[in-house]
């Protein structure tokens, strides 16, 4: 964008503040003054543009009214991320959760990144990926600011990232994670509903002794999924007894599951609502020679996009067990939509959006075995 930067002495007195405000706005939008930086002070602007300090003050107040800067007592006017215009190529930053080397891209992270890119591209926007692994929260936010990001989607559990983003006036949406100590928009799997759907299916199909093989007390995912299952079982007068509740992250968990399924009074079904733990349970059942779906029912958890990879591919030519599934694409779309809404209305109260789950029913074995 070209801005007329001629001395404001040549402009009519009444228009000087408006013209100066437009000049300063161009400096922000075009990146000459980046988000997080302080604007030149009234005295400096007055000397540079040959205007009265009152004119410079009015121009800065105009920018403040447009949501481009905010007043900081004793410091001046701080540039906000709202000045980074997505229609001018300024991206959304996606801060990816810290994982072991290669783990995030091999699993959930890559399809989430692709879905966010697609949702952003539908609006003509770009996406900047920022990895959190091995980096301080300050460095993560610095990369977002340096990249002229106007908003932030994050799957990291680090509350400091959220706090520093808020300090930089970056609107934030947490995706597939939740931090109870910060007020921020969240887009999340509806784990409670999924757990309830899974337990309800097993009860409806006659199972009364049901086991849990999954995470316990490991954050909001385990709390919601287990909570939904327990609530539904309780409505039918059932429970997960202590010996049938196995923390899959505990050392020796697979051995514990093997002992449980080898008992004469073994459970007839196992809720295993994480992809890796589902595969572990499948391996244990097969090791014991149990027919999945006849001797013991397993019920898994997956995304629509990864169903074939995480569930169906392990049962070629066999009956595929039931699974709770949800859509990564829906999550990404809701996150981008919420970020756009937050940009337009930054004072809106924080909300939590649950992506609905549904039960994918068993698939009978194929005749061809393919």
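Quickly estimate the mean residue ellipticity at 222 nm for the chain, helices only: each DSSP H run with n ≥ 4 gives -39500 (n - 2.57), and the total goes over all residues, rounded to 500. Could the numbers behind the result be given before it?
On the way: 13 runs with 145 residues, N = 370.
Calculated at 222 nm, the ellipticity per residue is -12000 deg cm²/dmol.
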Problem set entry | Three semi-axes of the equivalent ellipsoid, the range 278-370, Cα gyration tensor, whole Å, largest first | 38, 13, 10
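How much length is gained on full extension from residue 50 to residue 319, taking 0.36 nm per residue of separation minus their Cα-Cα distance?
Details: separation 269, 0.36 × 269 = 96.84 nm, distance 8.01 nm.
In short, 88.8 nm is gained.
Using alpha-carbon pairs under 8 Å, 6+ residues apart, how would you state the relative contact order of the range 8-79 in percent? It would help to have the intermediate numbers written out before the result.
Working: 77 pairs, mean separation 26.5, N = 72.
In percent, rounded to a whole number, it is 37.
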Exercise. Using a ≥ b ≥ c from the Cα gyration tensor of the range 191-327 (square roots of the eigenvalues), is it rounded, prolate or oblate, where a/c under 1.5 gives rounded and otherwise the larger of a/b and b/c decides, a/b for prolate?
Worked result: rounded
For this session: Using 0.36 nm per residue of separation minus the Cα-Cα distance, give me the extension gain between residue 304 and residue 358 in nm, one decimal.
Result: 18.5 nm
Problem set entry | Rg and Dmax of the range 140-234, Cα atoms only, in Å | 18.0, 58
For this session: State the label only: which of [x] 154; [y] 319; [z] 139 corresponds to volume of the Cα convex hull per residue in Å³ computed from the shown model?
Result: [x]
Problem set entry | Ordering of 313-325, 338-350 by burial proxy (mean other Cβ atoms within 10 Å per residue, highest first) | 313-325, 338-350
For this session: Could you work out how far apart the two model spin labels at residue 126 and residue 265 are, taking each label as a point 7 Å from the Cα in the direction of the beta carbon, and quote it in nm?
Result: 6.5 nm
Problem set entry | Peptides 63-74, 135-146, 229-240 ordered by average Cβ neighbours within 10 Å, highest first | 135-146, 229-240, 63-74
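So if each residue of separation counts as 0.36 nm, and I subtract the Cα-Cα distance between residue 250 and residue 114, what length gain in nm does that give? Could you put the intermediate results ahead of the total?
Values: separation 136, 0.36 × 136 = 48.96 nm, distance 3.26 nm.
Answer, rounded to one decimal: 45.7 nm.
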For this session: Restricting things to alpha carbons, find the Rg to Rh ratio for the range 86-183 using the Kirkwood radius for Rh.
Result: 0.94
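If r is the Cβ-Cβ distance from residue 72 to residue 217 and R0 is 35 Å, what FRET efficiency results, to the nearest 0.05? Mind showing how you got there, number by number?
On the way: r = 42 Å, r/R0 = 1.19.
Computed FRET efficiency for residue 72 and residue 217 comes out at 0.25.
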For this session: Answer rounded, prolate or oblate for the range 8-79, using the Cα gyration tensor with square roots of eigenvalues a ≥ b ≥ c: rounded when a/c is under 1.5, else prolate when a/b is larger than b/c, else oblate.
Result: prolate
For this session: Quick one: check the C-alpha center-to-center distance for the range 120-194 versus the range 264-313, whole angstrom.
Result: 33 Å
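Treat the count of other C-beta atoms within 10 Å as a stand-in for reagent exposure and order 299, 359 from fewest to most. Don't jump to the answer; show the numbers that get you there.
Working: 299 26, 359 14.
The fewest-first ordering by Cβ neighbours comes to 359, 299.
Any read-out appearing in this document is the output of simple, stated calculations on the displayed coordinates, not a laboratory observation. Model, not experiment: these values are computed from the prediction. Neighbour counts run over all protein chains shown; Cβ positions are idealised from the backbone, glycine included.
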